[in-house]
1. Out of Arg245, Arg237, which single residue is assigned to a helix (DSSP H, G or I), outside the structural domain of Asp108 (by TED's automatic domain parsing) and surrounded by fewer than 16 Cβ atoms within 10 Å (Cβ to Cβ)?
2. Check region 33-40 and report whether any residue there is β-branched (Val, Ile, Thr), surrounded by fewer than 18 Cβ atoms within 10 Å (Cβ to Cβ) and closer than 20 Å to Phe116 by Cα.
3. Please verify whether region 268-286 includes one or more residues that are surrounded by 15 or more Cβ atoms within 10 Å (Cβ to Cβ) and within 23 Å of the chain's Cα centre (by Cα).
4. Quick test of your reading of the structure: Asp28 fulfils all but one of (1) part of a strand (DSSP E or B); (2) among the charged types (D, E, K, R); (3) under 18 Å from the mean Cα position of the chain (by Cα). Name the failing condition by number.
5. When you check Pro23 against the structure, is it within 20 Å of Ala221 (Cβ to Cβ), in contact with a strand residue (DSSP E or B) (Cβ under 8 Å, 6 or more places away or on another chain) and assigned to a loop (DSSP other than H, G, I, E, B), yes or no?
6. So, of the residues in region 182-232 that are small (Gly, Ala, Ser) and on the phi > 0 side of the Ramachandran plot, which turns out to be surrounded by the most Cβ atoms within 10 Å (Cβ to Cβ)?
7. Across region 122-143, which residue is nearest to Glu164 (Cα to Cα) among those that are out of contact with any Asp or Glu (no Cβ under 8 Å at 6 or more places or on another chain) and free of Cβ contacts under 8 Å to residues at least 12 places away in the same chain?
Amino acid sequence: MIDTFKNKAAKTGKTPTLSILVPYYHDDPVLLLDDLLVQAQATGKTEILFYDDGTGDANVNARLKSAAQKSTAPISLYFAQENKGRSGARNYLKSQARAEWVLFLDADMRPEETHFLSDYLAEITTNSADIIFGGFTVPKQKQSDETELHRAFSKTSDCLTAEERNRNPAQYVCSSNLCVRSEILDAEPFDTGFTGWGWEDSEWAARVAAKYRLKHADIPALHLGLETTETLLSRFRNSAENYMRFTNAHPELAKTLTLYKLSKKLKYVPGQKLIRPILRILVRTNALPTKIRLFALKLWRASWYSEAVT
């Protein structure tokens, strides 16, 4: 069951150029909505859709409703009673969007610039792509000991310029800040066979990159939802099944990635599972240099993923 709330503008407004789609689960997306509203009201060409994927936080949802009621921009809110997962939530939001283009944002993101939406609308106008990934950044300063490793990991692996990402376009797409022609998602929805965290957006990107024009742009969103070291360890361990689903769907692409090559090598190292407790200790030790902890984290992930590669 999904409860729906639409403000007056969403019920009566004209068809938008861009639908902004934000699923959330155990996040507070109110600040993101505040940022989006300032820009959405200025452009007058967007609608905003939020989807609670089964969290049921009455306080958060009430604040979202209050903001929607006061806004002149079209806002639709959807409150699911049960968790559908990341792919299911995005697919549902897409089914409710009215625009020919949709912009997926994670709930823990914030626009990096005040012209964030205007930049996307300008890219849409050029008709130079069917899929646009704007990239993301992380806070410039350390937030806490618990999240510092994730900040460092993202800075080295994910926070790349458009020029860097365009060298291997399909490899660097994620749904945290992703703009797509709506009709593409009708033909190629996210695979709901992925459960939990990880790889559903990578699989989707690999699937569509060969069929449609994929462009990387410098329209970054700031990632504020940095995870703790313990959460990273858990996610990398538990996402091995999703990784296997990705590699099975796109074996040739997977074989070109450094992670696959490392996992493959570890698969044939006798007793490699025995190093996992040591790696976990290294990752958890804040006193160690960050480079050592990052290397241990990558080995930890590859060790678990080695069971998934063939």
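1. Just a single option satisfies the conditions, and that option is Arg237.
2. Yes, the conditions are met somewhere in region 33-40.
3. Taking every residue of region 268-286 in turn, none turns out to be surrounded by 15 or more Cβ atoms within 10 Å (Cβ to Cβ) and within 23 Å of the chain's Cα centre (by Cα).
4. Answer for Asp28: the failing condition is (1).
5. No.
6. Checking each candidate, the answer is Gly198.
7. Lys140
The values are calculated or read from the model by the stated rules, or taken from the named source; none is laboratory data. Predicted, not measured: the structure shown is a model, and the values here were computed from it. Neighbour counts run over all protein chains shown; Cβ positions are idealised from the backbone, glycine included.
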